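Okay, so here's the structure we're looking at.
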Amino acid sequence: MTTRQVILWRHGRTQWNVEGRVQGQSDIPLDEVGKEQARAAAARLAALRPDRIVSSDLVRAADTARMLGDLTGTEVELDPRLRELNFGEREGLTWREAWKKFPDGMQAWVEGDETQIPGSETHRQAGDRFAAALHDLLDDVPPEGVMVVVAHGAVLRTGACAFLDIPEAHWGTFGGLGNCAWSVLEESSHKDWSQWRLTEWNAGTLPEPVLSDDE
């Protein structure tokens, strides 16, 4: 039996994170704390010796990825399909500011209609975009290989769920990812079958083998 791993790593902190502003596809850099978070996390993830490092092309993700690339000597590949969910005209606004500017659109949002904010992408659209990219990228990951994917909180959550074919009604049961935290997808394959599993969520420690009767 062989296994492959995908590490889904969120970028470090930004000033907009601190201020509670929606970033989406706005190209906001890491702040100093975010840079330190990325360095510390990269030092741990380097032990996995990734075969590929692929990042969103937004600077906060790309700079996080390069911390790991510099340590491992692995080229960082940039892929715009891994960008954050596009929040349209909400980007740059706090939650309170968004409710003030788009009261009807925000009410629709919390009730499940994500189409009422101008220019916005739905969680389903973003999740499917990310999952499709992940399937493509895995074509070049060898058996027992490791790929680190560096992206953003919303698209990592929705993308992981879409990739694992989890029904959308259950996506909300997965909590958000902290800055520079990661989740782990692991594929087990043997002869004619393979299965992907979520083995860690919002973690800060390296994945360890699960010793269980259920494995």
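Conditions (1) under 13 Å from the mean Cα position of the chain (by Cα); (2) surrounded by 14 or more Cβ atoms within 10 Å (Cβ to Cβ); (3) in a loop (DSSP other than H, G, I, E, B); (4) in contact (Cβ under 8 Å) with a residue 24 or more places away in the chain, marked per residue:
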residue	(1), (2), (3), (4)
LEU68	no, yes, no, yes
GLN116	no, yes, yes, no
LEU137	no, yes, no, yes
ASP140	no, no, yes, yes
LEU156	yes, yes, no, yes
GLY159	yes, yes, no, yes
| said: Tell me yes or no: at least one residue of region 23-45 is closer than 24 Å to ILE117 by Cα, out of contact with any strand residue (DSSP E or B) (no Cβ under 9 Å at 6 or more places or on another chain), part of a helix (DSSP H, G or I) and not charged (D, E, K, R). | reply: no
| note | Scanning region 186-202 residue by residue, those touching a residue at least 60 places away in the same chain (Cβ under 8 Å) and over 20 Å from the mean Cα position of the chain (by Cα) turn out to be SER188, SER189, HIS190
| task | Within region 165-206, track down each residue that is aliphatic (A, V, I, L, M) and either closer than 28 Å to VAL33 by Cα or surrounded by 13 or more Cβ atoms within 10 Å (Cβ to Cβ) (or both). | result | ILE166, LEU177, ALA181, VAL184, LEU185, LEU198, ALA203, LEU206
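Go over the candidates GLU36, GLU32 one by one and state the one that is open to solvent by 70 Å² or more (accessible area, probe 1.4 Å) and within 17 Å of ALA181 (Cβ to Cβ).
Just one listed residue meets the conditions, GLU36.
The values are calculated or read from the model by the stated rules, or taken from the named source; none is laboratory data. Small disclaimer: the values here were computed from a predicted structure and weren't measured. Glycine also receives a Cβ, built like all others from the backbone with ideal geometry; neighbour counts cover every protein chain displayed. Calculation scope for accessible area: heavy atoms of the full protein, side chains included, ligands and nucleic acids excluded. Shrake-Rupley method; radii C 1.70, N 1.55, O 1.52, S 1.80 Å.
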